[in-house]
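First comes the structure, then the notes that go with it.
The values are calculated or read from the model by the stated rules, or taken from the named source; none is laboratory data. Small disclaimer: the values here were computed from a predicted structure and weren't measured. Because the Cβ atoms are built from the backbone with ideal geometry, glycine has one as well, and the counts that use them run over all protein chains shown. Surface areas here come from the heavy atoms of the whole protein model, side chains and all, with no ligands, DNA or RNA. Shrake-Rupley method; radii C 1.70, N 1.55, O 1.52, S 1.80 Å.
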Amino acid sequence: MILLKMLQSYYMSNFWKRTISGILFVAVILWALWAGPISFSLLFAAITALTLHEFLNLCGISPKSPLRPIAIAAGVVVFIFHFLLAGNFIEFHQLIGLLALPFILTAVATFARSHQPVSDLVYALAALIYPATFMGAINYLVYQPPEATAFNSMLVIGIFLLIWSYDTFAYLTGKWLGRHKLMPRLSPGKSWEGSAGGLMMSLLVALLLHLWIGRLDLLSWLLVSVIAAVAGTVGDLFESMLKRSANVKDSGSLIPGHGGMLDRLDAALFVFPAILLYLQIASL
């Protein structure tokens, strides 16, 4: 009986810890998007740095390696360049400046003392794509359509609501009805039933977003919700693969009850470029 009470106390405390930290995380994200381009760029540049830090941890690059801070700084530069390009602060041809980053990382890896210099360099270069460039895609979504010069975060707020509604109801449905595992090798907790429940809720949210935000027609919002569900699941499974390779449960411990920043944004990192690609192809 005492053990049962201890377990109940632990799970309740963990539930409230997870709930409160989750609400605060959502509030900060929505505030930064609502407040304007300065708060948005500062917060998401910081988030990019945190996800880079956690990604390099998962890849096993030593905290003492000089390649780590250089790679994190390079990833933040990638994000900032995409913000400047999306807002028409710089021209497309000026992105050529990013070509200096691989050379800098290669030089640092060459002279750094490491037992695995080649793999460290490969991971550092990969970080410029995931998570840096994937995160950078959000900049083009707050300056949509492409010819727009005014910051408008409503589309991204809608995308976040789709991601969060899918995740929440996929989890709840999976706990209640989950029988058939989606990919037990990477994520034993995910089920096909949970994914179906999450998708149904995100479709409903897409309908509400069409009525609230507009911007896209109803069919496009429904397609965006499906893309968010599929891409988000892939992103979640990809991060699970990274964590299993590193033999860790979470990418970090920054957010109580949720793990690291990469744990919270693993789905979004794949959703942003996927939806941006759809909008470009559909000329929306």
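Using the alpha carbons alone, the radius of gyration of the chain stands to its Kirkwood radius in an Rg to Rh ratio of 0.99.
Computed from point charges on the beta carbon alone (+1 for Lys and Arg, -1 for Asp and Glu), the dipole magnitude for the range 101-204 about its Cα centre is near 460 Debye. Rolling a 1.4 Å probe over the protein heavy atoms gives the range 113-168 an accessible area of 41 Å² per residue.
Ile90 to Gln116: extension gain in nm, 0.36 nm per residue of separation minus the Cα-Cα distance? Walk me through the numbers before you get to the answer.
Details: separation 26, 0.36 × 26 = 9.36 nm, distance 3.75 nm.
Working it through step by step, the gained length comes to 5.6 nm.
Contact order for the chain, expressed relative to its length and based on alpha carbon pairs under 8 Å spaced 6+ residues apart, stands at 20 percent. Taken over the Cα atoms of the range 58-110, the convex hull encloses 76 Å³ per residue.
Pairs of lysines in the chain whose Cα atoms sit within less than 23 Å of one another amount to 16, provided the residues are eight or more positions apart or on different chains. Label zone of Lys17 (point 7 Å out along Cα→Cβ, amide N under 19 Å): in the range 233-264 this covers 248-264.
With every protein chain in place and a 1.4 angstrom probe, the accessible-area ranking of Arg68, Arg113, Arg244, Arg215, largest first, reads Arg113, Arg244, Arg215, Arg68. By the Kirkwood approach, averaging reciprocal distances over each pair of separate Cα atoms, the range 135-284 gets a hydrodynamic radius of 15.9 Å.
Rg over Rh of the range 85-156, using C-alpha atoms and the Kirkwood radius, what does it come to?
Here Rg/Rh amounts to 1.14.
For the chain, what % of the accessible area comes from carbon and sulfur atoms, probe 1.4 Å?
Numbers: 10740 of 14930 Å².
That share works out to 72 percent.
Computed with a 1.4 Å probe on the full set of protein chains, the accessible area for Ile104 sits at about 80 Å².
Considering only Ser245, Phe81, Trp31, and ranking their Cα positions along the charge dipole of the chain that arises from unit charges at the beta-carbon of Lys, Arg, Asp and Glu, the one farthest toward the positive end is Ser245. Each peptide in 38-50, 159-171, 16-28 receives the mean, over its residues, of other Cβ atoms within 10 Å, and ordering these scores from highest gives 159-171, 38-50, 16-28.
The packing ranking of peptides 190-199, 272-281, highest mean first, is 190-199, 272-281, where packing means the average number of other beta carbon atoms within 10 angstrom of each residue.
Take the Cα gyration tensor of the range 165-208, multiply each eigenvalue by 5, square-root it, and list the three semi-axes largest first, rounded to whole angstrom.
On the way: eigenvalues 81, 16, 11 Å².
Calculated on Cα positions only, the semi-axes equal 20, 9, 7 Å.
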